[in-house]
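The values are calculated or read from the model by the stated rules, or taken from the named source; none is laboratory data. Small disclaimer: the values here were computed from a predicted structure and weren't measured. Cβ placement follows ideal geometry from the backbone for every residue including glycine, while neighbour counts extend to all protein chains displayed.
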Amino acid sequence: MRVTKLLFMLLLFTVCLKGQNQTRIALSPRSTLPMSLVAQGLDRKCSGIVFTSDISKVDYVLEASDTDVRYEFTLQSPSGDVLFHTSTRKPDNAMQDVCKFIGKKK
């Protein structure tokens, strides 16, 4: 019985710590790419990313746009400061660039 309690407490502690390492991102209303596409791509490229629509809980706001030739991704602070920008021909490359930037900030 004691072992079970200890394992449960360890599991609970691990889950709590894991939640603290998550980075919360909201998609800017000015984005032209759908959240489903961006979320799917970032899930493949990054770990610990959570998309939310609650702007008061975010670490970053991402504007993701598709022009005729390039994909433009701009990462901003919740207050609107531009922190990072990338322009690539493929959306996966832009998502990878965003993930690298976020990884450096952790």
Ser56 vs. criteria modelled with pLDDT of 90 or more and over 16 Å from Lys105 (Cα atoms): yes
Number of the exception - Ser65 against (1) small (Gly, Ala, Ser); (2) modelled with pLDDT under 90; (3) not in a loop (DSSP other than H, G, I, E, B): (2)
Filter segment 26-49 down to the residues that are of a type in the set (A, V, I, L, M) and not in a helix (DSSP H, G or I), then identify the one that is nearest to Asp68 (Cα to Cα). Leu33
Just to be sure I understand, how many residues within segment 75-106 are in contact (Cβ under 8 Å) with a residue 24 or more places away in the chain and either acidic (Asp, Glu) or part of a strand (DSSP E or B) (or both)? 4
Just checking, does segment 22-33 include any residue being modelled with pLDDT of 90 or more, of a type in the set (Lys, Arg) and surrounded by 15 or more Cβ atoms within 10 Å (Cβ to Cβ)? yes
